[in-house]
Amino acid sequence: MVISSETQEKAPAYYEFGHNEEINTIQAFLEAEESYTNKRLKRGLAMAMQLLDKDLPWDLRDTILKTLPSYTRKLKGQTKVLREEKSTDADWWFATPGFLTSDGTDRTIIRVVNYYIDLDGSYYVSNDKIKTKMLVAETNEWISVTESPAFAVVAAQEKLHYPDVYETGLEDTRFLVHGKNAPIYTLSCSFEYTRMSGRINQVLSILDPKTWTMTIQDVIRGPNPEHHEKNWVFADGLQNIVYGWYPSIQIGAIDLAASELVIHTSIKSPKSFSSMRGSTNGVLHENEWWFVTHAMLDRPGQLRYYSHRIVVLDEHLKSITRYSLPFTFEQDADTEYCLGFKADDAGVTFGYSVRDRTSRTLHVDWSEVLLLFDDKEPKQR
C-alpha cells in the first residue's frame, strides 16, 4: 500500500480531529481494485465524501481534495468516438458534444474549437483568437449565428457586442426543447456578447433546426453581477434554470422583460458541493430530475483535474433526492468536460471531451450507474 507523503504528513491531524476510522478506511481503499464493485474502495471513497460534508479544518479538506484523483474511478460502459482526434498541428479540434431531441429526432451538436489543452495545462491556440463553432454530427451541417433585429438595435444602443475580444463566439451551448411546437432556446457563455466588458455573460438564443440558424435574443444578467457563474443549466423551461450549486442549489427564472435571471428557489446543499459547478441540463427520468455536475482541481504546472457527480432532485425541483460518488470518464486524471446527458430504460449516455480535443459519448448501464450512489438506495429498475 502506497500512501502519499502529503497524506502521511496530514494523517496525525486527522487522528487528532477524531476521524480514526475515516483515515484508516481512506488509506485502505487506495490499494483496492479499480472498480466501484469493490466494497472497500466504494466505502473508502464514500467515507472521504462524507468527511467533505463535515466542518473540517481547511488543510484537512485540502488534503482530501488533492488526493481525489488517486481514488476516483472511471465509469464502465461503451465509448463511441464521434469524430477522430486530430493531430496537434491542426487548426480546429472537435470538442464537447451536447444532445438535442426535437420532433422525435435525436441529434448531437459538437463544439468545434481552434485550441486544445496541453499536458502541462497550458492552452495551444492555432490563431490569434480563441474561436468556437458548432457542428451537427449526424448531418455535418454547421450552425450559423445571427442577431435578431430587435437585439441588434439594443446591442448597438447599450454596447453589448465586443467582436475584438480574445475569446469569440458562443461557448458551451445548452439546448432546451420545452413542449411540442415550442421554440428551441439555447444558453451559451460568451465574452463577445456581454453586459460588462471583460466579464463572461449568458446569451439567450433561439435555434431553428430547419436552417440550423441560432438567433441571439438577449444577454441575460445573473443574480450577482460581481461574480457571474458561467454554467447555467436548463431544467424545466425558462422558468427553472439552475444557476449555482453551493451553499445552496439556486434555481431561477429568466425575466425576458428585465433581461435577468431571478432566483426563486434555494435548496441547501452539502459542504461537498462547495466546488461543484453545472455541466448538463436536467433530465426528467421517472419523476426525478437528474443532473451531471463537475468539480475542478487546479494543479499548477499540470492538467486541471475534473471529476463528475450526478445530483438528483425531486420532480418539483424543491429538494435533493440523492447524489453520487465522484467518477471520471477516462482512466487517468485529466481535464474532462461534459455537456451532453440523456437517460432511458437501458441506462444513461454522457457526451464529453478530454482537453477540448476529443468528442466522445459513453453509454453506461443502470447497474453501473446505481453503484455510484452510497447513502441512499436509488429506485430499483
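The values are calculated or read from the model by the stated rules, or taken from the named source; none is laboratory data. Here the structure is a predicted model, which means the values were calculated and not measured. Virtual Cβ from ideal backbone geometry, glycine too; neighbours counted across all protein chains shown. With ligands, DNA and RNA removed, areas are computed over all heavy atoms of the protein, side chains included. Shrake-Rupley method; radii C 1.70, N 1.55, O 1.52, S 1.80 Å.
Mean-square fluctuation check for the chain, GNM, Cα pairs under 10 Å: which of His294, His316, His178 is largest? Its mean-square fluctuation being the largest, the pick is His316. Near Phe373, the amide H atoms lying under 5 Å from its own belong to Leu325; only residues 5 or more places off or on other chains count, and H is placed 1.01 Å from N.
With springs only between Cα atoms under 10 Å, which of Ala295, Ala182, Ala343 fluctuates most in a Gaussian network model of the chain? Among Ala295, Ala182, Ala343, the largest GNM mean-square fluctuation belongs to Ala182. Which of the three applies to region 232-356, rounded, prolate or oblate, going by the alpha-carbon gyration tensor with a ≥ b ≥ c and a/c under 1.5 meaning rounded? Prolate is the answer for region 232-356, as a/c is 1.5 or above and a/b outweighs b/c. With an a/c value under 1.5 for the gyration tensor axes a ≥ b ≥ c computed over the alpha-carbon atoms, region 120-237 is described as rounded.
Could you provide, to the nearest whole Å², the per residue accessible area of region 283-346 with probe 1.4 Å? Intermediate results must be reported in sequence, preceding the final value.
Values: 2410 Å² over 64 residues.
Ligands and nucleic acids excluded, the figure is 38 Å² per residue.
Qualifying trypsin sites (Lys or Arg not before Pro) in region 311-349, where qualification requires a DSSP coil assignment and no more than 12 other C-beta atoms within 10 Å, comprise Lys318. A 23 angstrom limit on the alpha carbon distance is what I want to check against. Which of Lys76/Lys342; Lys74/Lys268; Lys74/Lys342 exceed it? Pairs exceeding 23 Å: Lys74/Lys268. If you take all other residues with their beta carbon under 10 Å from the beta carbon of Ile267, and give Lys and Arg +1 and Asp and Glu -1, the sum is +1.
With a sphere of radius 12 Å drawn around the Cβ of Glu315, what net charge do the other residues whose Cβ falls strictly inside it have (Lys, Arg +1; Asp, Glu -1)? Numbers along the way, then the final one.
Details: positive: Lys318; negative: Asp236, Glu286, Glu288, Asp314.
Taking every other residue near Glu315 into account, the sum is -3.
Taking all protein chains as shown and a probe of 1.4 angstrom, Arg195 keeps an accessible surface of around 50 Å².
Translational diffusion coefficient, Stokes-Einstein: compute it for region 210-299 using the Kirkwood radius over C-alpha pairs as Rh, at 10 °C and 1.306 mPa s, and state it as an integer in µm² s⁻¹.
Values: Rh = 14.3 Å.
The diffusion coefficient I find is 111 µm²/s.
Counting Lys and Arg as +1 and Asp and Glu as -1 over every other residue whose Cβ lies under 9 Å from the Cβ of Ser353, the net charge comes to +2.
Roughly to the nearest percent, how much of the accessible area of the chain is carbon and sulfur, given a 1.4 Å probe? Of all accessible area on the chain, carbon and sulfur atoms account for 48 percent. Specify whether the C-alpha gyration tensor of region 81-155 places it in the rounded, prolate or oblate class, a ≥ b ≥ c being the square roots of the eigenvalues: rounded for a/c under 1.5, otherwise prolate if a/b is larger than b/c and oblate if not. Because a/c hits 1.5 or more and a/b fails to exceed b/c, region 81-155 counts as oblate.
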